[in-house]
Amino acid sequence: MRKMMKRITALIATIIFSTVLATAGYAAEPADLQLLANVNAVRQEHGLPVLEIDERLDADAVIRAKEVAALYSHTRPDGTEWYTVDLEKAYGENISNRIDYANIVDTWSNDEIHYGNIMNARFTHVGVAHVGDRWVMLFGY
């Protein structure tokens, strides 16, 4: 029951934050917001604050999602590493090729690096995007 309440709280926080962004003229995809809510639920279960969407990281995530759709890799199609999408803001990247966003966090939780990004207490902001079944979450401060 306690775990469910934390998930509900994370979802509510994500919805409120997305409403604020939409009011400011910015709107994320509902599926992207649900993935963020799932990540935030895991963080809250471990006493970490929720991640908030950063417009610049979100724009970077869109770029990376398009790239990951073309080449499923942390290496960009031009041969550079993922973080070169934004040297000032992007400090962690999780990618997935799952169709169902509900299972993405479970997959990331079973990988040390991806889980480390989710649980990194220094990260406060994210960008989230997907193209088809290619998902990207960029982490930053």
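Brief remarks follow.
- Some residue of the range 16-27 being modelled with pLDDT of 95 or more and open to solvent by 50 Å² or more (accessible area, probe 1.4 Å): no
- Between ALA65, ALA59, the distinction of being touching a Phe, Trp or Tyr at 6+ places or on another chain (Cβ under 9 Å), under 16 Å from TYR83 (Cβ atoms) and hydrophobic (A, V, I, L, M, F, W, C) belongs to ALA65 only.
- Residue, most open to solvent (accessible area, probe 1.4 Å), within the range 63-107, restricted to residues that are in contact (Cβ under 8 Å) with a residue 40 or more places away in the chain and closer than 16 Å to ALA41 by Cβ: TYR101
- The residues of the range 35-87 that are assigned to a helix (DSSP H, G or I), among the polar types (S, T, N, Q) and either over 15 Å from TRP135 (Cα atoms) or at pLDDT below 95 (or both), listed by number, are ASN40, GLN44, THR84.
The values are calculated or read from the model by the stated rules, or taken from the named source; none is laboratory data. Keep in mind that this is a model prediction, so the values were computed, not measured. FYI the Cβ positions are ideal-geometry reconstructions off the backbone, even for glycines, and counts take in every protein chain you see. Heads up: the accessible areas ignore ligands, DNA and RNA and are worked out on the full protein's heavy atoms, side chains in. Shrake-Rupley method; radii C 1.70, N 1.55, O 1.52, S 1.80 Å.
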